[in-house]
């Protein structure tokens, strides 16, 4: 895998006898960097299909017709670059919202949903979504090595995919963003510095400001480069080589950054001289802005210095850990596990199914049952309930159906009074006797039923307050059959009578 | 024991408790972050957490700001074990009979999922750089291609490979590749899709919601850490042991004949 190198290979490393070496080197670098724009142009080419879902024969999707996706891509990179130094990552949603506004300015006819779809598509294509967010892969001709080389890179990378994507621009992303992509960053820095100085002296503050802003973005490029170099070294199994490869990079970086800090300081001095001169209002404003930008740059460089310092510390600890006996190498799951296991007899697979599943899945907290949960489980006939979210529970809540009373309250009261009177008058009587008597006295059928109900309810518990209060004792006396009521006959006795 | 020591024990147990809640991550929970910081700074605390975990039949695989505490069952007899295929039954919709074939195919599909997301050491390093997805098609293609190559191999040198070494791939190849209608476990893609749904529920995968043309999933930080620390090596060693035993048995049988 070939990567863009911030510190281009030293010229001494290359064959000296080639008079065109310099030119070849520049052109190769330029040729390679041009590949960074390929993904952006691919989006523009495919925009009619919006992600390639529509058959080629179909008419172009009109929603993307007046949309300049190249501009949108550059806006996306610009947005990420401006947050790169101060934030570890930026939520992809913020960028999509930002693009949404720009898209609606391009074409007023689009609905928010269509615009969002386009914004998401442009953003995700820059991340190489259709390829599982892997690196873009392009080939270019290397004039020095006289061969085709592969160039793998990302423009934007997803740092965290949980709870909405968190993305970050890569070093190549910044390179793609900067308009002059031919020179390597170190050279660019020197040019920028010289240009800024010259522009200030020439009074072209606006251009100087632009230069200063550009150099800020490059600070971030360094940061990414250093992180990646470090990661690459960690992958390198040959620990012995580490001191040769990484230490010089770290030393060089810190030297370079401290130089840059000095240069920015010099620029600031230049500007403060300017401030004493008489300037028109517009120029004064620009100079103030320029001062702020350069101060910001200075701060960013100091941050980078810390970053390099930290990397150095991290490197040292890794180096120490490499001296310890290393942990076993992770197996190649595809070749060493999946392939042999595909040949297993089916019984073997089946017997070990539970063990294998348990090893892959996370822990499961054992469930403790209380009686209610247990009953609930039995009630649902063995179906396993997964805990639902609070929202769903609220949405599923239903009113409990109220059971309408069997008899109107007044009738029950009347029956109770009638029943109590009977108890006071008679020492003992059965339910059947009571019903027959009521019928004789031409009470309604409904009243008789209600009375039977009241009597049966009073049978509930001989020790209940009601029984004690009425001073009665009720026992079962075989079954009885009335016109419309059947059931256990009840003998109601006064307690004194027992 | 002093109040301070008791506090410390309480915090140690709390870290384990939080680790058991597989969907909780430190970035959403400040208390959790503090506990992770304590884990990183305090060696005594680390030992306490490990001791409590051990007593409960658990082990601490990893603790980090990204994925929190990754707590796994200490061994296969732990009460915290996932529960095997029985636990997956609801997801896969099979009710009464877990036939041999069905259990076998599910296992192959689970290992395929693991292999698709964590092919080898390089893939783990790639995740440290940036997140990547695996699409449904990619995952099922991985399994099918391996099975097809095994079939070709078998057809080439028929007499040499014993019959017992071909059942897994024969079953997979006999299934329809693409599901018809709703996802169901009777096709390769259907089975894998249903398993990924369950993996999402368990906090191991996250669906790529921004993708409209195809289904694809990201592994969570937790899944990556768990696989790197424990699962990849653990499951490989476990299966290879069985594989070796199986081979030895066959060889000794062949010799006795």
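Computed from the coordinates by the stated procedures, all read-outs in this text should not be read as laboratory data. Everything numeric here is computed off the predicted structure, so don't read it as measured data. When we count neighbours, we look across all protein chains shown, and the Cβ atoms used for this are built from the backbone with ideal geometry, even at glycine.
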Could you list B:77, B:243 in order of exposure, starting from the residue whose Cβ has the fewest other Cβ atoms within 10 Å?
B:77, B:243
If I model a spin label at residue A:262 and residue B:200 as a point 7 Å from the Cα along the Cα→Cβ vector, what separation in nanometres do I get?
5.8
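Just counting partner chain Cβ atoms within 10 Å, what average do the residues of peptide B:120-132 show around their Cβ?
Values: counts 8, 5, 3, 4, 1, 4, 2, 0, 3, 9, 15, 12, 10.
So the per-residue partner count for this stretch is 6.
May I ask you to give the average projected area over all directions of the convex hull of the Cα atoms of region B:3-73, in nm² rounded to one decimal? Write out the running numbers ahead of the final one.
Values: hull surface 17.0 nm².
Averaging across all directions leaves 4.2 nm² for the Cα convex hull.
With r as the distance between the Cβ atoms of residue A:410 and residue A:488 and R0 = 30 Å, compute the FRET efficiency 1/(1 + (r/R0)^6) and round to 0.05. Intermediate results must be reported in sequence, preceding the final value.
Working: r = 27 Å, r/R0 = 0.91.
Calculated transfer efficiency: 0.65.
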How many nm separate the modelled label positions at residue B:148 and residue A:303, each set 7 Å beyond the Cα in the direction of the Cβ?
5.0
Helix B:136-156 versus the longest principal axis of chain B: what is the Cα-based angle in degrees, 0 to 90, to the nearest 10?
40
Region A:11-177, Rg to Rh (Cα coordinates; Rh as Kirkwood inverse mean 1/r)
1.06
Remind me, what semi-axes does region A:409-497 give for its equivalent ellipsoid, largest first in whole Å, using sqrt of 5 times each Cα gyration tensor eigenvalue?
19, 15, 12
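Considering every residue in A:119-128, what mean count of other chain Cβ atoms within 10 Å of its Cβ is obtained?
Working: counts 0, 4, 2, 0, 1, 4, 0, 0, 4, 2.
Averaged over the peptide's residues, the number is 2.
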Under the definition of partner shielding as Cβ atoms of other protein chains within 10 Å of a residue Cβ, what is the mean value for peptide B:235-241?
6
Förster radius 51 Å - calculated FRET efficiency between residue A:281 and residue A:228 (Cβ-Cβ, nearest 0.05)
0.65
Once the Cα gyration tensor of chain B is found, what semi-axes does its equivalent ellipsoid get, as square roots of 5 times the eigenvalues, in whole Å, sorted largest first?
38, 23, 17
What ranking do A:136-145, B:209-218 get when scored by the average of other Cβ atoms within 10 Å per residue, highest first?
B:209-218, A:136-145
Work out how much length residue A:138 to residue A:421 would gain on full extension: take 0.36 nm times their residue separation and subtract the Cα-Cα distance, in nm to one decimal.
91.6 nm
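Sort B:34-46, A:101-113, A:353-365 by the packing proxy (mean of other Cβ within 10 Å over each peptide's residues), most packed first.
Working: B:34-46: 15.5, A:101-113: 13.5, A:353-365: 20.9.
Per-residue Cβ counts within 10 Å, averaged per peptide and sorted highest first, yield A:353-365, B:34-46, A:101-113.
Using the 10 angstrom Cβ neighbour count as an exposure proxy, how do A:480, B:82 rank, fewest first?
On the way: A:480 17, B:82 20.
Taking fewest neighbouring Cβ atoms as first place, the list is A:480, B:82.
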